[in-house]
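The values are calculated or read from the model by the stated rules, or taken from the named source; none is laboratory data. Everything numeric in this text was worked out from a predicted model, so none of it was measured. No Cβ is skipped: glycine too gets one built from the backbone with ideal geometry, and neighbour counts run over all protein chains shown. With ligands, DNA and RNA removed, areas are computed over all heavy atoms of the protein, side chains included. Shrake-Rupley method; radii C 1.70, N 1.55, O 1.52, S 1.80 Å.
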Amino acid sequence: MNEAVLRVLARLGLDAKPFKQEKVIELVKNPLSGAWVTVCSHHDAADGRPSVFACFADLTRKQEILAGDDWLKHASSFSPGFCVCADGVTYHDGRDEGYDFIVAEQYFYPLDQAQILVNQEFVMLFELYRGEDGCNYSVDKCGEREKVVDFAGGEVRVRTKYILRFIAAKQCLFVYFVDARLASSSSYPLGSTECISESDEVGGNYHIGQWYTSDIDGGYLLSMLYA
């Protein structure tokens with residue numbers, strides 16, 4: 001956070017800490033630290049809540065993934081289909097390119113709500129069944145149920161220990177894409193804006209890009225984080 005950002009914060013009388021998005025950065029660096037991990041969540045408001053999407057990838061894709069901070073995959077990236085080109089028609093199964101989904105979105109009509117599909121190999125490996133509430137459960141030898149995949153409030157969460165067991169069995173990567181934004185105002189300024197600060201942080205298992213944008217008068221501030 002440079003002097004230009006600090007000046008805008010002082011002018012607006014805002015606390016600098018929320019705009020640093022430290023909790024989101026901690027999440028990026030260790031997304032599997034909790035009992036649950038959110039694997040799909042999208043928010044339109046710039047209120048600091050991160051939009052996330054998680055998927056699996058081949059080990060050979062690690063350097064490609066860490067080369068940038070942009071989203072390489074989305075929940076809708078895994079739909080099979082045909083590609084027509086000059087050389088003919090090719091079929092894509094939606095799982096090529098070394099990536100596979102944990103959950104994927106399937107649309108039937110633009111006005112209908114998307115249906116969320118859970119990776120069937122994941123479901124079958126842990127012998128999960130779908131409860132009346134739409135969530136997925138495991139059952140132990142004593143008949144005790146444990147919720148594994150939770151659908152609530154537009155978010156999909158998976159119990160972390162099952163993710164860890166799956167990536168160990170498959171010897172694959174767990175990839176976490178994050179987009180978090182925090183604005184000083186709910187309305188975007190009508191005038192032109194510019195980037196007043198930009199930083200990159202790259203670690204062994206993460207790549208975080210963060211930008212601060214303000215308007216000409218310094219009456220607006222937007223903190224954007226992609227990872």
Kindly indicate the residue of region 1-26 that is touching a residue at least 12 places away in the same chain (Cβ under 8 Å) and open to solvent by 50 Å² or more (accessible area, probe 1.4 Å) and also farthest from GLN171 (Cα to Cα) among those meeting that condition.
ARG11
Please go through (1) part of a loop (DSSP other than H, G, I, E, B); (2) more than 19 Å from GLY209 (Cβ to Cβ) for THR90 and return the number of the only condition it doesn't satisfy.
(1)
Is it true that some residue in region 164-178 is out of contact with any strand residue (DSSP E or B) (no Cβ under 9 Å at 6 or more places or on another chain), part of a loop (DSSP other than H, G, I, E, B), open to solvent by 60 Å² or more (accessible area, probe 1.4 Å) and within 19 Å of ASP44 (Cα to Cα)?
no
Within region 121-137, residues closer than 29 Å to ARG49 by Cβ, over 21 Å from the mean Cα position of the chain (by Cα) and assigned to a strand (DSSP E or B) come out as ARG130, TYR137
Out of everything in region 140-163 that is among the aliphatic types (A, V, I, L, M) and surrounded by 13 or more Cβ atoms within 10 Å (Cβ to Cβ), what residue ends up being nearest to SER51 (Cα to Cα)?
VAL156
Got a number for residues in region 203-217 being surrounded by 13 or more Cβ atoms within 10 Å (Cβ to Cβ) and over 18 Å from VAL5 (Cβ atoms)?
3
Only residues that are surrounded by 12 or more Cβ atoms within 10 Å (Cβ to Cβ) and among the charged types (D, E, K, R): list them for region 101-139, please.
GLU105, GLU121, ARG130
Which residues, taken from region 35-49, are open to solvent by 20 Å² or more (accessible area, probe 1.4 Å) and either among the polar types (S, T, N, Q) or at pLDDT 95 or above (or both)?
ALA35, TRP36, THR38
